[in-house]
């Protein structure tokens, strides 16, 4: 069986490589082939004729398409994503700078969504067609129907503006970051502050993380509830579960230990999908909460017509996403070796 | 090749019974009824909007500078925006934009994606593999990201946003139709059609495509809601409808500048998005539950 999994991983990784190539090709088509004047987009808003001319030369837009693709792909392999018009830094360094902030946000939103989603999903399935189920399903449907950027703004109005219990945005308060400066080790504020025993910064970071991650968690929460509920309803009709109840085993034990375990493959799929949605949800969420991550960077790039920055972060996020999917598939193969067949 | 009449009658009776059970389930379910009511309400608004909106001219963009940013009151139920325009009227006009946008995205994506998936599943081998690999490449982008890139390249406009969303949406239907076609293509009735010499094109059109229709329609109901949110997200970044269009996403976007002092501006257009999307999701969920034998077993007995 171990050999089967090894082969599966190789096969799946090869597939992922093909998909990454596809992502590169599609991004190339979008940025070089779609009608419009890419050179003009590349130099930013209000270009002069001379700037456009220079960009056309530099980026090789006047050359045959296969030559353009060659230039594009060699630049990419060297990690050269161009220079941002807005920040005047290389896109790669900008993206690297924003990545940990985004990951911190996404991971905490993901944890909220999954923890709440699995709990509500299991309770919903076990109390089918009764009050907890109706409440849970309604919450799930609201979660997936909510425009994420709007939810973010409503949370700001309620919790920052009116109740004043959470900050409006950003990653840390200015006074805390001056009085208790945080040493960057991993780039994750929560981890760095624990490592340096800087508990003021830890609390402050957590406090700033609350609203943005809550807003971001709504959609994946709904998704997780739906998938877990559907799967659990099927599993709960199995004989071994019914005999568990007949034996008088504690309900929690049956639900979370035996039933959830056999709903695991769809649980993993639910987690993978949730992660995907938190990834793109972060784009608008970060912009609203002034979170200094990749999402704000991309959104500001779009608003400022900063074309190199935009395409650069699109390709990075897409590749990142392919890798996540690969990991989810491999993880699933370990949990349920049948998928390797 | 004619079947005995009695068999056809039995089949039809059974079909009719299935439909009746389905309808009964849908009518008994408060969630599906609520969803349907919401959708009908918004469709009605989209049709009669210009006649019921209190300030139709403002909805089309004519400003009323004397009444800037008024909070909700009897005259302006949802308040006014930064140009003094009645938000209720603009939201009513926006129903038409949202519904047509999402209908356009979903229907074109189905028209493109479904036949491709059916062809890929039916022929399999090389052609199928090529089609599905290309589909996989499009699916490799996280949702909304590719649409962002395409819309930004094409430039912000409602038509470009619709185009961008179609480009990202069709592969989902291809994959759905592909799975369905794989499951159908060797069923006895398809085999017998092939055996009596029916052409491939006709088999795909008459036997494979209809079999893919049910799951695709369920998905489409849910997608009509998702497309509204996606289009609103693009508008929110300035990549969708442009002012003075009364587009909900655009209104939330403009309202963002004012909303901490003027809460009503962004709140009501966003609420409109939420309620309409909720309608599609309630209906889609109810249909899915009613047709899924595993989920509805207990209710049917």
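The values are calculated or read from the model by the stated rules, or taken from the named source; none is laboratory data. Since we're looking at a predicted model, the values are computed, not measured. Cβ sites come from the backbone with ideal geometry, for glycine too, and all protein chains shown count toward neighbours.
For residue B:259, the requirement of being farther than 24 Å from residue B:43 by Cα, surrounded by 16 or more Cβ atoms within 10 Å (Cβ to Cβ) and within 11 Å of chain A (Cβ to nearest Cβ) is met. Residue count for the range A:79-105 satisfying the condition of being more than 14 Å from residue A:297 (Cβ to Cβ) and modelled with pLDDT of 85 or more: 1. Can we say residue B:84 is in contact with a helix residue (DSSP H, G or I) (Cβ under 8 Å, 6 or more places away or on another chain) and not in a helix (DSSP H, G or I)? The answer is yes for residue B:84.
To keep it simple, each residue is scored yes or no on (1) more than 30 Å from residue B:254 (Cβ to Cβ); (2) crowded, with 24+ Cβ neighbours inside 10 Å.
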| residue | (1), (2) |
| --- | --- |
| A:292 | no, no |
| A:310 | no, yes |
| A:319 | yes, no |
| A:329 | yes, no |
| A:334 | yes, no |
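Being within 17 Å of the chain's Cα centre (by Cα) and either at pLDDT 80 or above or more than 13 Å from chain B (Cβ to nearest Cβ) (or both) is true for just one of A:298, A:340, A:280, A:267. Which residue is that? One residue alone meets the criteria, A:298. Taking the stated definitions as given, is residue B:288 over 24 Å from residue A:160 (Cβ atoms) and more than 19 Å from the chain's Cα centre (by Cα)? It is false that residue B:288 is over 24 Å from residue A:160 (Cβ atoms) and more than 19 Å from the chain's Cα centre (by Cα).
Listed by position, the helices (runs of 4 or more DSSP H) inside the range A:111-208 whose residues that are within 30 Å of residue B:265 (Cα to Cα) and modelled with pLDDT of 80 or more number at least 2 are A:131-145, A:148-155. Taken over the range B:185-202, residues that are buried (at least 20 other Cβ atoms within 10 Å of the Cβ) and touching a residue at least 24 places away in the same chain (Cβ under 8 Å) amount to 1. The listed residues are A:210, A:218, and the only one of them that is closer than 24 Å to residue B:274 by Cα and within 12 Å of chain B (Cβ to nearest Cβ) turns out to be A:218. Scanning the range A:306-327 for residues that are farther than 19 Å from residue A:293 by Cα and within 13 Å of chain B (Cβ to nearest Cβ) gives A:322, A:323, A:325, A:326. Here residue A:153 passes the criteria (1) more than 14 Å from chain B (Cβ to nearest Cβ); (2) touching a helix residue (DSSP H, G or I) at 6+ places or on another chain (Cβ under 7 Å) except the one numbered (1). Do we have any residue at all in the range A:240-258 that's farther than 29 Å from residue A:155 by Cα, outside any helix (DSSP H, G or I) and within 14 Å of another protein chain (Cβ to nearest Cβ)? Scanning the range A:240-258, I find no residue that is farther than 29 Å from residue A:155 by Cα, outside any helix (DSSP H, G or I) and within 14 Å of another protein chain (Cβ to nearest Cβ), so the answer is no.
Scanning the range B:55-80 for residues being within 31 Å of the chain's Cα centre (by Cα) and on the phi > 0 side of the Ramachandran plot gives a total of 2.
Being at negative phi, in contact with a helix residue (DSSP H, G or I) (Cβ under 8 Å, 6 or more places away or on another chain), crowded, with 23+ Cβ neighbours inside 10 Å and in a helix (DSSP H, G or I): is that true of residue B:99 here? It is false that residue B:99 is at negative phi, in contact with a helix residue (DSSP H, G or I) (Cβ under 8 Å, 6 or more places away or on another chain), crowded, with 23+ Cβ neighbours inside 10 Å and in a helix (DSSP H, G or I).
All of B:252, B:277 fail the test of being facing chain A (nearest Cβ under 7 Å), part of a helix (DSSP H, G or I) and in contact (Cβ under 8 Å) with a residue 40 or more places away in the chain, apart from B:277. Annotation: residue A:308 fulfils all but one of (1) within 23 Å of residue B:238 (Cα to Cα); (2) assigned to a helix (DSSP H, G or I); (3) out of contact with any strand residue (DSSP E or B) (no Cβ under 8 Å at 6 or more places or on another chain); the unmet one is (3). Of all residues in the range B:47-54, one or more are part of a loop (DSSP other than H, G, I, E, B) and at negative phi.
Taken together, the residues in the range A:1-46 that are closer than 26 Å to residue A:87 by Cβ, more than 9 Å from chain B (Cβ to nearest Cβ) and at pLDDT 80 or above amount to 2. Within the range A:174-205, can you find the residues that are under 20 Å from residue A:294 (Cα atoms) and either touching a strand residue (DSSP E or B) at 6+ places or on another chain (Cβ under 9 Å) or crowded, with 16+ Cβ neighbours inside 10 Å (or both)? A:188, A:189, A:190, A:192, A:205, listed by residue number.
Just one of A:158, A:67 is surrounded by fewer than 23 Cβ atoms within 10 Å (Cβ to Cβ) and either within 14 Å of chain B (Cβ to nearest Cβ) or under 28 Å from residue A:267 (Cα atoms) (or both); which is it? One residue alone meets the criteria, A:158. Output the residues belonging to the range B:222-244 that are more than 8 Å from chain A (Cβ to nearest Cβ), crowded, with 20+ Cβ neighbours inside 10 Å and assigned to a loop (DSSP other than H, G, I, E, B). Of everything in the range B:222-244, those that are more than 8 Å from chain A (Cβ to nearest Cβ), crowded, with 20+ Cβ neighbours inside 10 Å and assigned to a loop (DSSP other than H, G, I, E, B) turn out to be B:240, B:241. Among the residues of the range B:115-154, the ones that are buried (at least 24 other Cβ atoms within 10 Å of the Cβ) and away from chain A (no Cβ under 11 Å) come to 4 in all.
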